[in-house]
Amino acid sequence: MKKSSAYVVAMLAAAGLGAGTPAAAMDWVDNAVSVRYGRQFAEPYNDRKIDKTIAAFTHASGYAYGSNFLNVDLLFSDRHDPKNPGGSAGAEEAYLVYRHTLDIGKISGQRIAYGPLRDLGLTAGFDLNGKQDAGYNSRKRMLVAGPTVHFEVPGFVDLSLLALWESNAPQDKFAGTPRLARYSYRNHPMLNLAWGVPLTLGGVSFAFEGYANFIAAKGRDEFGNPTAPETNIDLQAMFDLGSAAGLAKGKLRGGVEYQYWRNKFGNPASVSGSTARTPMLRVDYHF
């Protein structure tokens, strides 16, 4: 199968970022590949439930002054989110997220800790996406920056308040129009909570992971319509599968995931497909 241009761009970007810091300079590194599948995805202006398979590469690492996070999702839809007007093939999308956090305590040599607060940081990064579908054909570009609070817990809990600079250059394949000039939305804030903590319930141990994004409205969209504030919450319960296969604990995991996304991409609730409630099955391998 011929790879989409979005796929190639995402892979090249991931490779470049991964090569930016020598592995020997890292205090710790966690790489993972994963696959997740759900049957109740939603897309704005689409009233059908969509099956999607999502393959991902995730990199997390820490060094003397901070940490890196990189995730590349490759999303493959079924025919209810078609690649071309009237076509039976599903849409394809690549979505890349990169975040770099500088820890103020590590830079200053004196940790900023008080009560549940472990340290403070400054986070910056970007999102890139490209989607080949019958409608909007997104080409999102977004820069983010802002402060982060690290909490003192087993695992991690981070809370960030980020400013967003977002733009897009879509193309309406249904109307047969050329790609629009890149359009910049109004700068807007996002409150981001990310976590990964070990839990035990009923004698069963698992990792409770996820994120919650609360994103303010971003003014009017490229078609002159008002946007709405977004809520995007993703929850995962991941269980160790590797021990039974003779692998080190945490190498191979499986579990369930649930995503709630209201006003997806800033589309108001009156738009069909703007709210998704999606249970998923997930498997990941760490190396």
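Nothing in this text is a laboratory measurement; each read-out follows from the coordinates by a stated rule. All figures in this text were calculated on a predicted structure; none of them were measured in a lab. Methodologically, a virtual Cβ is constructed for each residue, glycine included, from the backbone with ideal geometry; neighbour enumeration extends over all protein chains shown.
Over all other residues within a Cβ to Cβ distance under 11 Å of Gly273, the charged ones net out to 0, with Lys and Arg as +1 and Asp and Glu as -1.
What length, rounded to one decimal in nm, is gained on full extension from Val283 through to Leu161, with 0.36 nm per residue of separation minus their alpha-carbon distance?
Here the segment from Val283 to Leu161 would lengthen by 40.9 nm.
Assuming R0 = 51 Å, can you tell me the calculated FRET efficiency for the pair Ala244 and Arg141, based on Cβ-Cβ distance, to the nearest 0.05? With a Förster radius of 51 Å, E is 0.75. Over the chain, with a Gaussian network built from C-alpha contacts below 10 Å, which listed residue (Asp119, Asp27, Asp133) shows the highest mean-square fluctuation? Looking only at Asp119, Asp27, Asp133, the biggest GNM fluctuation is shown by Asp27. Using alpha carbons only, how many angstrom separate the centre of segment 45-85 from the centre of segment 137-172? When both Cα centres are located, 15 Å separates them.
The ellipsoid equivalent to the alpha-carbon distribution of the chain has semi-axes of 32, 23, 19 angstrom, derived from the gyration tensor eigenvalues as √(5λ) and listed largest first. If I take R0 = 35 Å and measure r between the Cβ atoms of Lys49 and Leu117 in this structure, what FRET efficiency does the formula 1/(1 + (r/R0)^6) give, to the nearest 0.05? Efficiency at R0 = 35 Å is approximately 0.25.
At R0 = 30 Å, how high is the FRET efficiency between Gln110 and Asn31 if r is their beta carbon distance? Nearest 0.05 is fine.
Values: r = 32 Å, r/R0 = 1.05.
It comes out at approximately 0.45.
Scalar couplings 3J(HN,Hα) for segment 82-92, obtained by applying the Karplus form with A = 6.51, B = -1.76, C = 1.60 to θ = phi - 60°, are x, 6, 9, x, x, x, 9, 6, x, 5, 10 Hz; x denotes Gly and Pro. Along segment 196-205 the Karplus relation, 6.51 cos²θ - 1.76 cosθ + 1.60 evaluated at θ = phi - 60°, assigns HN-Hα couplings of x, 10, x, 9, 9, 10, x, x, 9, 9 Hz to successive residues, with x for each Gly and Pro. A cut-off under 12 angstrom between Cβ atoms defines the neighbours of Asp127, and their net charge, with Lys, Arg +1 and Asp, Glu -1, is +2.
Rounded to two decimals, what is the ratio between the C-alpha radius of gyration of segment 85-142 and 2.2 N^0.38 Å?
On the way: Rg = 19.9 Å, N = 58, 2.2 N^0.38 = 10.3 Å.
Here the Cα radius of gyration is 1.94 times the empirical estimate.
Taking 0.36 nm per residue of separation and subtracting the current Cα-Cα distance, fully stretching the chain between Thr200 and Ala124 would add 24.0 nm. All other residues whose Cβ lies under 11 angstrom from that of Ala228 are scored, Lys and Arg at +1 and Asp and Glu at -1, for a net of +1. Nearest 10 degrees is fine. How inclined is helix 5-18 to the longest principal axis of the chain, computing both from alpha carbons? That works out to roughly 20 degrees. Taking label points 7 Å from Cα along the Cα-to-Cβ direction, Leu193 and Asp172 give a separation of 3.9 nm. Set Lys and Arg Cβ to +1 and Asp and Glu Cβ to -1, take the dipole of the chain about its Cα centre, and tell me which of Leu102, Phe265, Gln132 lies farthest positive. So the residue we want is Gln132.
Given the -39500 (n - 2.57) contribution per DSSP H run of 4+ residues, what per-residue ellipticity at 222 nm results for the chain, rounded to the nearest 500 deg cm²/dmol? Walk me through the numbers before you get to the answer.
Numbers: 2 runs with 19 residues, N = 287.
Result for the chain, helices only: -2000 deg cm²/dmol.
A viscosity of 1.306 mPa s and a temperature of 10 °C, combined with the Kirkwood radius over C-alpha pairs in the Stokes-Einstein formula, give segment 199-287 a diffusion coefficient of 104 µm²/s.
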